[in-house]
Amino acid sequence: MRVLVIGSGGREHALLIGLKNDPSVTDLHVAPGNAGTSAISTNHAVDIVSGEAVVALARKIGADLVVIGPEVPLVAGVADALREAGIATFGPSARAAQIEGSKAFAKDVMAAAGVRTAHAEVVDNPAHLDAALDRFGPTWVVKDDGLAAGKGVVVTTDRDVARDHAAECLESGHPVLLESFLDGPEVSLFCLVDGETVVPLLPAQDHKRVGDNDAGPNTGGMGAYTPLPWLPEGMTERIVDEVVKPVAAEMVKRGIPFSGLLYAGLAIGKDGPAVVEFNCRFGDPETQAVLALLKSPLGEALYATATGKLAELPPLEWQDGAAVTVVVAAENYPGKPRTGDVIAGAEAEGVLHAGTARNADGQIVSAGGRVLAVVGTGADLAEARAQAYSRIEKIKLPGSHYRSDIGRKALEGQISI
Ligand code: GLY
């Protein structure tokens with residue numbers, strides 16, 4: 001099977017590694033990819049938000065399957081263009097991708113499906129902002145009602161900070177969503193979804209704030225681990241039954257069935273799971289940890305989903321033990337990152353590439369905010385962390401930073417519901 005992966009981050013590098021390990025995958029291509037993906041696949045410089053350009057590339061390489069990583073091409077309808085061209089595609093239609101692209105749409109679907117989530121109000125007029133803020137908080141949760149790569153969410157106990165973020169979104173022409181704060185540890189549960197068929201992957205936990213002990217601003221994600229030793233037995237099945245299946249059924253009922261990866265971001269409270277957000281694609285950096293433990297052939301699972309045959313897929317098999325991924329970020333991330341620095345140690349085992357490129361001398365250099373995602377595995381969380389951090393120590397990138405506490409609270413038994 002010839003597979004084309006769309007995207008250029010650590011998530012796409014992890015997808016390519018998983019696909020490479022599937023014996024049914026004979027050829028791997030990626031657009032645009034990064035310096036790391038070119039070691040295991042052919043990189044193509046293509047505008048990935050253009051359905052026409054992606055269809056042309058898929059035809060040129062004779063792709064049997066296209067896997068779309070990021071949300072932006074999905075919301076732009078690239079999966080629709082590929083399906084119209086008769087090419088099997090992993091990723092939802094533009095209408096179904098609204099589950100991530102429009103927070104207001106997601107809330108409407110959840111209300112109709114009877115799924116627990118935060119109370120929310122959309123504000124699209126600056127004149128209504130102060131009164132709306134008074135109906136919430138503290139803590140305030142303010143979301144940009146559009147795609148903001150994880151950085152459009154501000155969670156704060158400071159009303160002025162909440163107000164400033166909301167005003168900034170409104171000024172740039174986006175409505176904002178104010179939400180009540182959901183208490184409880186967060187879980188990312190990725191599910192393969194094909195209409196009403198739902199197959200969960202291992203639950204993971206992201207670390208969204210930039211600094212240790214959850215200090216500083218939100219990022220796209222600074223690290224993750226899987227599985228979750230503190231998650232009560234049966235919780236994954238409960239999330240599937242109470243959250244993902246009802247939402248998948250509601251999408252079918254609306255005539256916009258979801259096909260691809262539905263990512264449920266949840267807070268697990270005393271009353272059970274409640275949805276923080278849905279995403280219409282694999283999460284980054286959780287994917288790098290989750291796929292490190294997948295034993296079943298990835299290409300087969302993605303192809304079955306893309307071709308409406310997920311119900312026929314044998315149960316997924318997983319390695320015992322744990323996996324941890326730690327993001328190495330460029331200086332100043334999540335602000336405007338410093339780029340162009342040569343990275344030493346970027347080609348070692350377990351080092352997945354995100355924001356990397358090659359300079360004119362062929363050296364690997366930083367080219368984005370999240371530069372590398374370093375993965376460790378082991379018999380348990382302690383071993384997986386130890387491997388990830390020992391791998392990180394061998395990497396040299398001037399000005400870079402990473403969190404030193406990925407998975408630490410779970411390891412020390414500090415997470416409870
Ligand atoms: N891990 C957060 C995201 O992928 O949006």
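Where a number appears in this text, it was derived from the coordinates with a stated rule and is not lab data. It should be emphasised that the depicted structure is a prediction, and the values quoted were computed from it without experimental measurement. Every residue, glycine as well, gets a Cβ built from its backbone with ideal geometry; the counts of neighbours run over all protein chains shown.
Worth pointing out:
- 37 °C / 0.692 mPa s Stokes-Einstein diffusion coefficient of the range 179-261, Kirkwood radius on C-alpha pairs, µm²/s: 226
- Most to least packed among 163-169, 366-372, 393-399 [average Cβ atoms within 10 Å]: 366-372, 163-169, 393-399
- Counting DSSP beta bridges with both ends in the chain, the antiparallel % (nearest 5): 80
- Electrostatic tally near Pro398: other residues with Cβ closer than 13 Å to its Cβ, Lys and Arg +1, Asp and Glu -1, net 0.
- Measuring nothing but how far apart in sequence close Cα pairs (under 8 Å, 6+ apart) lie, relative to its length, the chain scores a relative contact order of 17 percent.
- Under Karplus coefficients 6.51, -1.76 and 1.60, residue-wise ³J(HN,Hα) of the range 122-139 in Hz, glycine/proline x: 8, 10, 10, 10, x, 5, 9, 5, 5, 5, 5, 4, 5, 7, 10, x, x, 8
- In order along the range 64-78, phi translates into HN-Hα couplings of 8, 8, 10, 10, 9, x, x, 6, 4, x, 5, 5, 7, x, 5 Hz, rounded to whole numbers, per the Karplus curve 6.51 cos²θ - 1.76 cosθ + 1.60 with θ = phi - 60° and x for Gly and Pro.
- Cα-based shape type of the range 283-417, given that a ≥ b ≥ c are square roots of the gyration tensor eigenvalues and the cut on a/c is 1.5: oblate
- Projecting the Cα atoms of Asn332, Val351, Gln319 onto the dipole axis of the range 315-360, where Lys and Arg carry +1 and Asp and Glu carry -1 at the beta carbon, places Asn332 farthest toward the positive end.
- A simple spin-label model places the labels of Glu52 and Ser296 3.9 nm from each other, with each point 7 Å out along Cα-to-Cβ.
- Residue ranges 314-327, 66-79 sort as 66-79, 314-327 when ordered by packing (mean number of other C-beta atoms within 10 Å per residue, highest first).
- Modelled label positions at Asp214 and Arg338, each set 7 Å beyond Cα in the direction of Cβ, lie 3.0 nm from each other.
- With the helix formula -39500 (n - 2.57) applied to DSSP H stretches of n ≥ 4, the chain reaches a computed 222 nm mean residue ellipticity of -7500 deg cm²/dmol.
- Net charge of the neighbourhood of Ala311, taken over other residues with C-beta under 15 Å away and scored Lys/Arg +1, Asp/Glu -1, is -2.
- Each residue of the range 392-397 is assigned a 3J(HN,Hα), and the resulting list reads 4, 4, 8, 9, 10, 9 Hz, derived from the Karplus form 6.51 cos²θ - 1.76 cosθ + 1.60 (θ = phi - 60°), x at Gly and Pro.
- Nearest-20 debye value, the range 1-116 charge dipole, Cβ charges on Lys, Arg, Asp, Glu: 200
- Within-12-Å neighbourhood charge of Pro138 [Cβ basis; K, R +1; D, E -1]: -2
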